[in-house]
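Student: I have a structure I would like to understand better, so I am pasting it below and will then ask my questions one at a time.
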Amino acid sequence: LIRGCDISGLMEQMLHKIASASERDEKLMDEIARLALEVVLKLRHGNGVRRRTLPEQVKEWLDLHVEENVRLDQVCEHFHYSRNHLINQFRNQFQVTPYQYLKERKLEAAKRYLQESNLSIHEIATRLAYTDENYFHSCFKEATGITPGAFRKKAAGGG
């Protein structure tokens, strides 16, 4: 659950001690409590792994919400930062705005759907939360130079 924080060894030690414990073994219970505290501290400190920056957190959040109609205000509210601060931090780290990043991710997802699924262009547009099929069509053509239908045909080896 926490990247870079391996507590499996501590958990195995705890489970082994619990399995071998008698009901009234105070020393063993103290050892289990010590191991539990070690787990909590390791989780709290992330095993020495640096914390992700705000832009990294935003990027991950956008990746998880690529099929939703995400508004920047929603992102700002989620992370408790102002619009300008969030945009500037994101742009400084990734050289694009959160909106541009999300637009690129939606385009990548659209390409995958066109290549790997039998979903109609309308269904893809709906799934990726475009306002309508025509808007999806124009965004796709602007970014790739071809229409979604032509892209699918080309991907299938038809041109």
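Student: Carbon and sulfur: what percent of the chain's accessible surface (1.4 Å probe)?
Tutor: Values: 5480 of 10960 Å².
Result for the chain: 50 percent of the exposed heavy-atom area is carbon or sulfur.
Student: Work out, step by step, the length gained on full extension between Glu108 and Glu68: first 0.36 nm times the residue separation, then minus their alpha carbon distance; give nm to one decimal.
Tutor: Between Glu108 and Glu68, full extension yields 13.0 nm more.
Student: Spin-label point model (7 Å from Cα, Cβ direction): what's the Gln57 to His85 distance in nm?
Tutor: Taking the simple label geometry, Gln57 and His85 are separated by 1.1 nm.
Student: Tell me what the chain gives for mean residue ellipticity at 222 nm when only DSSP H runs of n ≥ 4 count, each as -39,500 (n - 2.57), the sum divided by the residue total, rounded to 500 deg cm²/dmol. Please list the in-between numbers first.
Tutor: Details: 9 runs with 109 residues, N = 159.
Here the helix-only value at 222 nm equals -21500 deg cm²/dmol.
Student: HN-Hα J couplings of region 55-62 from phi, Karplus 6.51/-1.76/1.60, θ = phi - 60°, integer Hz, Gly and Pro as x?
Tutor: x, 5, 5, 5, 4, 4, 5, 5
Student: If you don't mind, another one. Can you list the aspartates and glutamates whose alpha carbon sits under 17 Å from that of Lys59, skipping same-chain ones fewer than 8 residues off?
Tutor: Result set, ordered by chain and number: Glu67, Glu68, Asp73, Glu77, Glu104, Glu108.
Student: For region 140-147, what does the Karplus curve 6.51 cos²θ - 1.76 cosθ + 1.60, with θ = phi - 60°, yield as ³J(HN,Hα) per residue in whole Hz, taken in order and with x for Gly and Pro?
Tutor: Couplings: 5, 5, 4, 7, 10, x, 9, 6 Hz.
Student: By how many nm would the segment from Gln100 to Ala143 lengthen if fully extended, with 0.36 nm per residue of separation less the alpha-carbon distance?
Tutor: Contour length minus the Cα-Cα distance gives 14.3 nm.
Student: Another question, if that's okay. Give a residue-ordered list of calculated ³J(HN,Hα) values for region 106-121 (Karplus: 6.51 cos²θ - 1.76 cosθ + 1.60, θ = phi - 60°; whole Hz; x for Gly, Pro).
Tutor: Using θ = phi - 60°, the values come out as 5, 5, 4, 5, 4, 4, 4, 4, 5, 7, 10, 10, 9, 4, 6, 4 Hz.
Student: Here's something else I'd like to know. Calculate, in nm to one decimal, what Glu26 and Thr131 gain on full extension: separation in residues at 0.36 nm each, minus their alpha carbon distance.
Tutor: 31.4 nm
Student: When we measure straight from the Cα of Lys154, which lysines land under 27 angstrom away, once same-chain ones fewer than 8 places off are left out?
Tutor: Straight-distance partners of Lys154: Lys103, Lys106, Lys111, Lys141.
The values are calculated or read from the model by the stated rules, or taken from the named source; none is laboratory data. Note that the structure is a prediction, hence the values are computed from the model and not measured. Backbone-built Cβ (ideal geometry, glycine too); neighbour counts: all protein chains shown. Note: areas computed on protein heavy atoms with side chains; ligands, DNA, RNA excluded. Shrake-Rupley method; radii C 1.70, N 1.55, O 1.52, S 1.80 Å.
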